[in-house]
Amino acid sequence: MKKVLIVLATVILLFICYLFFNLFTTNSKQIVVAPIDKIKIDEDVIKHLAQAIQIKTISTENTEAIDFSEFDKFNIFLKETYPLTDSLLDKKLFNSYSHLYLWKGSNTSLKPIVLMGHIDVVPVIEKNRKEWKEAPFKGIIKDDVIWGRGTMDDKVNVIGILEATEALLKSGFQPERSIYYAFGHDEEIGGNNGAAVMAKYLEDNDIEAEFILDEGSVITQGLIPGIDKDVALIGIAEKGSVSIQLSTKIEGGHSSMPSKETAIDVLSSAISKLKTNPFPAKLSQPLDGFIAYLGPEMGFPNNLVFANAGIFESVITGIYEKTASGNAMVRTTTSPTIFNAGVKDNVIPQSASAMLNFRILPGETVALVKERIETLINDDRITISEGGFNSDPSVVSETETESFRTIHKTIKEIYGNDVLVAPTLVVAATDSKHYKNVSDNIYRFIPVHINQDNIKAIHGINERISVDDFKDVIRFYTRIIENLEK
Ligand SMILES: [Zn+2]
């Protein structure tokens, strides 16, 4: 008995030693940079973002309702506001409203980079309009805050990139590496007429980019469990998406004599099976990177858990799956989005249908999701079919690249060494999904601060950005372009 206890104690001790060995051998991945002087940003520039907000470049699912005269206005706005960019860079329009500029570098043997953004915005929901503290399309600047739809998603990005470029052109700067600027006009409805067409053009012309930088992730404040510092998250992959329609036809009749199972019962039970059997929680490749970059910056015992993520996978996913945003990071999610059945209170409907949207974790596929749904439902009264726009998860871009380091370093130079940098998984879809054949290195990041106060503003109410934040966005893009030379 004593012997068994000794063996057991030794095993436990060795295990603890192993955990601590892993902790002490994981090093910080944070780059430390020398601070740089903040460049001065002209006050006029702030007005440019406000003017861009006033142009209602709204994308709606019903494309017939889109007011393209606003997109015409935006074309004119770009031409008039950025005369040097407009006259000195090569430019091409795709489907009238998507812009591709090229700033030719002095060394054409270097691969170009692509800076992306989109000029369309989502609509403002009419019944929420009253909740906006400032009108969403007036472009109001008040108490050093710029208000309106597009200040975070994604005009801040387009205008930030163009302001940086215009000022660099004015200063006589000439990049060594060529830079493409790709601004799509239909990102919010899938990007098929904008990003997809521009990406195809680059592909057809055998243009391979060193890296692509698009929107997708942000600088988070107080949103990551176990970390107090601001964290700049660079998306190295994005989830896939598939919408699945479930439908059933069963004889209806009068509600006074219902049969044992009606169409609504059968369909509800199928959805219930999917909801009560969620896809397994796991750490996908982008999350491994997230852990490797943030683990060493955490306090005890979180750093010990992250240093041994393989052993504590279920502990980590258990923490993350508690919140909706965390849950989306660790599993393929299941969201019923449309449910149709019935027309009258005393008539049992003959049919019922529902749509569910699944956001797919890297490592899984649309085909795998469908297979699992069929197995779980296992009911031949239910027809399962695909609907909507479907895409597999993106390829995962590497973090051990010069490009990732350039972005990392630039973030530190603008926001200070106190800001942590880490790769992440983007749970929403971006235009960059169309660029998979243009570059292996696709990074998704805009330097906008997101915290508990403004997290619901994107696609929601009171979208806004502080003037200081916007100035730093311009400084960030200026510095990225300068850093390409090094
Ligand atoms: Zn966006």
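The values are calculated or read from the model by the stated rules, or taken from the named source; none is laboratory data. Small disclaimer: the values here were computed from a predicted structure and weren't measured. Ideal geometry is used to build each Cβ from the backbone, glycine not excepted, and the neighbour counts take in all protein chains shown. These accessible areas exclude ligands, DNA and RNA; they are computed on the full protein's heavy atoms, side chains included. Shrake-Rupley method; radii C 1.70, N 1.55, O 1.52, S 1.80 Å.
In what order, largest first, do 20, 290, 15 sit by accessible area if the probe radius is 1.4 Å?
These residues rank, largest area first, as 15, 20, 290.
Taking 2.2 N^0.38 Å as the expected size of a compact globular protein, what ratio does the Cα radius of gyration of region 367-486 give against it, to two decimals? If you can, show how the numbers build up before the last one.
Working: Rg = 19.7 Å, N = 120, 2.2 N^0.38 = 13.6 Å.
Normalised Rg, Cα atoms only: 1.45.
What is the pair-distance distribution P(r) of the chain, computed from all Cα-Cα distances in 20 Å bins starting at 0, with each bin given as a whole percent?
Going out from 0 Å in 20 Å bins, the chain shows 21, 50, 24, 5, 0 percent.
Cross-link partners among lysines for residue 260, C-alpha distance below 28 Å, same-chain residues fewer than 8 apart left out?
249, 273, 275, 344
Using 26 Å as the Cα-Cα cut-off, could you pick out the over-long pairs in 138/239; 91/200; 73/155?
From the list (138/239; 91/200; 73/155), the Cα-Cα distance tops 26 Å for 138/239.
Considering only protein heavy atoms, with the full assembly of protein chains and a 1.4 angstrom probe, order 432, 385, 109 by accessible area, largest first.
From most exposed to least exposed: 109, 385, 432.
Taking all pairs of different Cα atoms in region 158-209, averaging 1/r and flipping that mean, what Kirkwood radius in angstroms comes out?
Roughly 12.8 Å, rounded to one decimal.
Take peptides 393-403, 41-51 and line them up by average Cβ neighbours within 10 Å, highest first, as a rough protection proxy.
Peptide ranking by packing, descending: 393-403, 41-51.
Given a 1.4 Å probe, how much area per residue of region 130-188 is accessible, in Å²?
35 Å²
Region 388-455 to region 254-277: how many Å between their Cα centroids?
Taking the Cα centre of region 254-277 as reference, the centre of region 388-455 is 43 Å away.
What's the extension gain from residue 357 to residue 400 if we count 0.36 nm per residue and subtract their Cα-Cα distance?
Length gained, residue 357 through residue 400: 12.2 nm.
Over region 237-391, with every protein chain in place, what whole percent of the accessible area is carbon and sulfur at 1.4 Å, could you tell me? Intermediate results must be reported in sequence, preceding the final value.
Details: 4060 of 7610 Å².
Result for region 237-391: 53 percent of the exposed heavy-atom area is carbon or sulfur.
Toward the positive end of the charge dipole of region 62-135, about the Cα centre and with charges on Cβ (Lys, Arg +1; Asp, Glu -1), which of 65, 108, 124 goes farthest?
The one lying farthest along the dipole's positive direction is 108.
Using the C-alpha atoms of region 1-120, what convex hull volume per residue, in cubic angstrom, is computed?
About 313 Å³ per residue, rounded to a whole number.
Taking residue 412 as the anchor, which lysines have their alpha carbon closer than 22 Å to its alpha carbon, excluding any fewer than eight residues away along the same chain?
29, 38, 40, 229, 471, 486
Only loop residues by DSSP count here, and only those with at most 13 other Cβ atoms within 10 Å; note down the trypsin sites (Lys or Arg not before Pro) in region 329-411 that meet that.
Here the sparse-neighbourhood loop sites are 344.
Do me a favour and compute the ellipsoid semi-axes for region 237-391 from its Cα gyration tensor, root of five times each eigenvalue, largest one first, whole Å.
Semi-axes, largest first: 40, 15, 12 Å.
For the chain, return all DSSP H helices satisfying: extent of Cα atoms along own axis at least 27 Å; mean Kyte-Doolittle hydropathy at least 1.6. Can you show the working numbers first?
Values: long enough: 2-24 (33 Å, 2.22).
Result, helices passing both filters: 2-24.
I'd like the distance between the alpha-carbon centres of region 142-219 and region 1-44, rounded to an integer number of Å.
36 Å
In Å², what does the accessible area per residue of region 244-292 work out to with a 1.4 Å probe?
52 Å²
How would 427, 305 line up by accessible area, probe 1.4 Å, largest first?
These residues rank, largest area first, as 427, 305.
Name the aspartates and glutamates eligible as straight-distance cross-link partners of residue 104: C-alpha to C-alpha under 12 Å, and not fewer than 8 places from it in the same chain.
By straight Cα distance, residue 104 reaches 90, 176.
State to the nearest 20 debye the size of the charge dipole of the chain about its Cα centre, where the only charges are +1 on K and R beta carbons and -1 on D and E beta carbons.
Dipole about the Cα centre, nearest 20: 1140 debye.
Which of the trypsin sites (Lys or Arg not before Pro) found in region 216-318 are in a DSSP loop and have at most 16 neighbouring Cβ atoms, other than their own, within 10 Å?
Within region 216-318, the qualifying trypsin sites (Lys or Arg not before Pro) (loop, at most 16 other Cβ atoms within 10 Å) are 229, 260, 282.
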